[in-house]
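Engineer: Could you have a look at this structure, given as structure tokens, before my questions?
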Amino acid sequence: MTTVPTGSALRAARRRDRRVYTHSHPVLFALLAATRRRAVTRVGGTVLVHGGEPYRQALTRIPLDRTAAGTTGGAARELSTGGTLFDQEGTGHRATRRAVADDLGAAGVERLRPLWLDVLDRRLAPLGAGRDVDLVPLARELAGATVCALLGTAGDPETIAEAAASAAAAAVRDHLPGPRPSGTARAAAAATARLEALLAPASGTAADTALRAMLAVAAVNTTVAALPRAVAWCADARLWHHAADDRLRPALVGELLRVIAPSPLLPRVAAAAAELGGCPVQAGDRLILVARHAARAHGEPPDALHPAPPTVAQLVFGAGPHACPGARLARAQLDDTLAALAPHCPTVLRARVDRGAALPGWRSLTVRATSNCRSLEN
């Protein structure tokens with residue numbers, strides 16, 4: 001019989017997960033929480049988009065300035081030579097997206113899967129011996145190994161993953177609103193240069209190297225943020241019986257990714273006048289697209305028995321021409337991680353927020369196997 005998580009277990013899971021926001025970006029989290037009752041609201045020259053439909057419209061119907069300061073593309077252009085997936089326009093953007101999507105399609109994911117299965121087998125083996133496992137280093141190696149294989153580099157996976165995390169964290173510090181400590185721009189440029197040096201192909205253009213670096217940044221940081229948070233939700237909400245069920249696990253994966261929203265905010269800038277949810281938008285307005293709220297992560301806990309519609313769950317990966325090409329990869333990695341952990345029914349022993357990471361996540365998340373899984377369902 002499939003059991004339903006209790007309200008107290010779901011509340012405990014949500015309380016823990018909120019810490020990655022309140023401990024790393026407390027002011028921003030408070031602002032977003034205070035304004036989320038309105039689908040779209042303006043704060044000065046910034047438009048906060050919380051509602052699902054306005055969020056989708058912002059990504060599919062409003063021209064966006066992909067090189068503006070404070071956006072992902074703007075950061076990519078400032079910190080590298082430009083020409084990356086994140087700041088390209090028109091046909092160049094579409095061609096690059098197609099190439100990346102081909103590598104991350106069904107065949108590409110199956111080609112990469114043995115790499116992360118090996119990491120899972122090796123890193124989770126101590127659970128069977130009664131020892132504790134920190135899932136953050138596991139996620140880091142898993143992400144690094146995947147990136148190395150995807151890009152065809154022989155570099156050390158953990159070194160590359162660490163460099164990608166440092167580059168992203170430095171870029172975020174340099175682009176946060178308000179006064180910045182001196183030297184943040186130099187630190188961001190240096191961190192990016194180090195990553196590009198590790199990933200530079202034997203032959204290729206500077207733009208090729210920049211693209212490889214930005215793909216590594218995206219893949220590593222979302223994976224390291226997502227996997228430990230999803231596992232913590234499973235442990236605290238007592239969802240391991242769903243994770244162990246091959247029929248329910250795909251729905252659970254989609255629900256967990258919806259609720260944790262690894263990239264909770266998408267900073268964009270409007271390139272033309274428009275209207276979102278009744279709110280006028282002018283060219284040059286900053287748009288803060290709150291994926292977490294658009295996907296109802298703040299109000300609807302993960303429910304594998306009654307999952308959110310795909311049109312809602314998919315919003316954490318963007319929409320239309322701005323949808324993340326790595327969604328299939330993210331789902332496959334989380335599915336295999338949950339399948340590997342489910343027999344152990346782990347509980348969380350210790351969790352420490354990573355206050356300096358680019359994305360909300362854990363600096364360490366230590367788990368231990370439970371001898372009696374059935375007891376966790378009650």
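The values are calculated or read from the model by the stated rules, or taken from the named source; none is laboratory data. All values reported here derive from a predicted model rather than from experimental measurement. We place every Cβ from the backbone using ideal geometry, glycine too, and count neighbours over all the protein chains shown.
Engineer: What number of residues in segment 352-366 are part of a strand (DSSP E or B) and of a type outside the set (D, E, K, R)?
Structural biologist: Residues that pass the stated criteria total 5.
Engineer: In this structure, is Ala167 within 30 Å of Ala13 (Cβ to Cβ), in contact with a helix residue (DSSP H, G or I) (Cβ under 6 Å, 6 or more places away or on another chain) and crowded, with 23+ Cβ neighbours inside 10 Å?
Structural biologist: No; evaluated as a whole, the condition is false for this residue.
Engineer: Could you grab me the full set of residues in segment 16-68 that are among the hydroxyl-bearing types (Ser, Thr, Tyr), closer than 14 Å to Val290 by Cβ and in contact with a Pro (Cβ under 7 Å, 6 or more places away or on another chain)?
Structural biologist: Tyr21
Engineer: Looking only at segment 339-349, decide whether some residue is out of contact with any Phe, Trp or Tyr (no Cβ under 6 Å at 6 or more places or on another chain), crowded, with 18+ Cβ neighbours inside 10 Å and closer than 25 Å to Ser24 by Cα.
Structural biologist: Yes, that holds for at least one residue.
Engineer: Keeping to segment 241-258, report how many residues are closer than 30 Å to Ala68 by Cα and free of Cβ contacts under 8 Å to residues at least 60 places away in the same chain.
Structural biologist: The qualifying residues number 1.
Engineer: Then there is this: Return the residues of segment 319-351 that are part of a helix (DSSP H, G or I) and within 16 Å of the chain's Cα centre (by Cα); say none if nothing qualifies.
Structural biologist: Result: His322, Ala327, Arg328, Leu329, Ala330, Arg331, Ala332, Gln333, Leu334, Asp335, Thr337.
Engineer: Given the conditions (1) in a loop (DSSP other than H, G, I, E, B); (2) buried (at least 24 other Cβ atoms within 10 Å of the Cβ), and given that Leu252 satisfies all but one, which numbered condition is not satisfied?
Structural biologist: Among (1) in a loop (DSSP other than H, G, I, E, B); (2) buried (at least 24 other Cβ atoms within 10 Å of the Cβ), the lone unmet condition for Leu252 is (1).
Engineer: Would you mind finding the one in Ala357, Ala369, Ala323, Ala332 that is of a type in the set (Gly, Ala, Ser), under 30 Å from Ala107 (Cα atoms) and surrounded by 18 or more Cβ atoms within 10 Å (Cβ to Cβ)?
Structural biologist: When all the criteria are applied, what remains is Ala332.
Engineer: Oh, and also: Go through (1) more than 13 Å from the chain's Cα centre (by Cα); (2) surrounded by 24 or more Cβ atoms within 10 Å (Cβ to Cβ) and name the single condition Val259 misses.
Structural biologist: Among (1) more than 13 Å from the chain's Cα centre (by Cα); (2) surrounded by 24 or more Cβ atoms within 10 Å (Cβ to Cβ), Val259 violates only (1).
Engineer: Checking Arg286 against (1) basic (Lys, Arg); (2) under 23 Å from Ala323 (Cα atoms); (3) at pLDDT 95 or above, only one condition comes out false. Which one?
Structural biologist: With respect to (1) basic (Lys, Arg); (2) under 23 Å from Ala323 (Cα atoms); (3) at pLDDT 95 or above, Arg286 is out only on (3).
Engineer: Which of (1) within 18 Å of Leu315 (Cα to Cα); (2) surrounded by fewer than 24 Cβ atoms within 10 Å (Cβ to Cβ) is the odd one out, the single condition His241 does not satisfy?
Structural biologist: Condition not satisfied by His241: (1).
Engineer: Return the pairs, sorted by first residue and then second, in which the second residue is buried (at least 16 other Cβ atoms within 10 Å of the Cβ) and at pLDDT 75 or above, the first residue lies in segment 191-209 and is within 20 Å of Ala170 (Cβ to Cβ) and of a type in the set (D, E, K, R), the beta carbons are less than 8 Å apart, and the residues are 6+ apart or on different chains.
Structural biologist: Close Cβ pairs (under 8 Å, with a partner that is buried (at least 16 other Cβ atoms within 10 Å of the Cβ) and at pLDDT 75 or above) amount to Arg194/Ala163; Arg194/Ser166; Arg194/Ala167; Glu196/Thr209; Glu196/Ala210; Glu196/Arg212; Glu196/Ala213.
To keep it simple, each residue is scored yes or no on (1) in contact with a Phe, Trp or Tyr (Cβ under 9 Å, 6 or more places away or on another chain); (2) of a type outside the set (A, V, I, L, M); (3) not in a helix (DSSP H, G or I).
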| site | (1), (2), (3) |
| --- | --- |
| Leu112 | no, no, no |
| Trp116 | no, yes, no |
| Pro126 | no, yes, no |
| Ser166 | no, yes, no |
| Val172 | no, no, no |
| Ala189 | no, no, no |
| Ala202 | no, no, yes |
